[in-house]
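Notes to accompany the following structure.
The values are calculated or read from the model by the stated rules, or taken from the named source; none is laboratory data. What you see is a predicted model, and the numbers here were worked out from it, not measured in a lab. Cβ placement follows ideal geometry from the backbone for every residue including glycine, while neighbour counts extend to all protein chains displayed. When the accessible area is computed, the model is the full protein with side chains, heavy atoms only, and any ligands, DNA or RNA have been set aside. Shrake-Rupley method; radii C 1.70, N 1.55, O 1.52, S 1.80 Å.
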Amino acid sequence: MSRKIGKQYSAAFSQVARTPYALEEATSLVKKIKFAKFDETVELHMRLGVDPKHADQMVRGTVVLPNGLGKSKTVLVIASGDKLREATEAGADFVGGDDMVTKIQTENWTSYDAVIATPDMMRSVGKLGKVLGPRGLMPNPKTGTVTNDVAQAVKEVKAGKVEFRVDKTGVIHVPVGKISFEQNKLVENATTLMNAVVKAKPSAAKGKYVKSVTLCSTMGPGVPLDTTPYNLKAV
């Protein structure tokens with residue numbers, strides 16, 4: 001059954017040319033053609049020339065967006081001893097140890113945007129894979145969410161740290177701000193993200209690395225980007 005396309009979406013789509021846009025033009029157009037009545041998230045989608053089925057072609061990492069995401073993330077820290085105090089002082093919203101693990105297990109509790117854990121707590125946190133894993137919340141050393149420096153980790157998440165990870169189709173989907181952001185802030189965030197993805201190129205990836213990049217708002221149509229000025233046509 002095909003999805004019915006609304007008049008507002010069709011009107012917005014009709015204003016998007018097939019020719020790729022410079023990032024500045026794309027952000028301006030995305031803001032111009034918005035039609036939703038809420039402050040939509042602006043998303044960047046990058047199709048990469050990798051095969052995620054092979055571990056040596058997995059693309060994953062984190063980056064702190066210079067202008068944040070428009071809202072402060074809710075952070076849960078699972079730690080013990082002095083690390084609990086450090087997490088609280090750094091601004092964590094929820095702090096605890098095994099009591100938090102039990103709460104998540106018994107209540108299927110996921111009222112937070114990020115989870116940070118100290119290495120000594122990972123034996124307990126490991127039991128939460130079925131709850132946190134599908135939601136992308138499982139702490140991982142590669143993304144800096146398993147660390148003894150919980151204060152720094154909390155501050156980075158609060159400042160706009162985002163994780164990027166290629167999906168099984170070879171595409172990365174990451175938010176880069178809100179439609180209400182000034183154009184230059186969206187450009188800065190998007191550029192920072194794209195540069196981070198390029199730096200994360202696996203040595204095993206052959207041929208064109210970045211095949212295409214699209215910018216869109218939550219409800220709006222995709223706007224294709226010209227990747228040339230950003231040195232993204234890496235081979």
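Data for the structure
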quantity	calculated
Electrostatic dipole magnitude of the chain [Cβ: Lys, Arg +1; Asp, Glu -1; Cα centre; debye, to 20]	1000
Cα pair distances exceeding 19 angstrom across the range 123-215, given as percent	55
Gap separating the Cα centres of the range 18-58 and the range 152-223, nearest whole Å	8
Accessible surface of the range 60-174 [probe 1.4 Å, protein heavy atoms]: carbon and sulfur percent	47
Pairwise FRET efficiency - D82 versus A36, Cβ, R0 = 45 Å, nearest 0.05	0.50
Sequence-distant residues sharing a close amide H with V77 (under 5 Å, placed H)	F94, V95, G96, I116
Mean Cβ count within 10 Å, highest first, over the residues of peptides 170-176, 15-21	170-176, 15-21
Given charges at beta-carbon only (K, R positive; D, E negative), |dipole| of the range 143-220 in Debye	300
Residues of the range 1-86: accessible area per residue with a 1.4 Å probe, Å²	62
Selected from K158, K83, K206 as most flexible by GNM, with the chain as the system and alpha-carbon contacts under 10 Å	K206
Sparsely packed GluC sites (Glu not before Pro) within the range 103-208, loop by DSSP, other Cβ within 10 Å at most 12	E182
The range 79-157: relative contact order as a whole-number percent, Cα under 8 Å and 6+ apart	38
Listed residue pairs exceeding 18 Å between alpha carbons, taken from K32/K185; K103/K130; K32/K211; K142/K199; K71/K161; K53/K201	K32/K211
For the chain, alpha-carbon Rg relative to the globular expectation (2.2 N^0.38 Å, N residues)	1.11
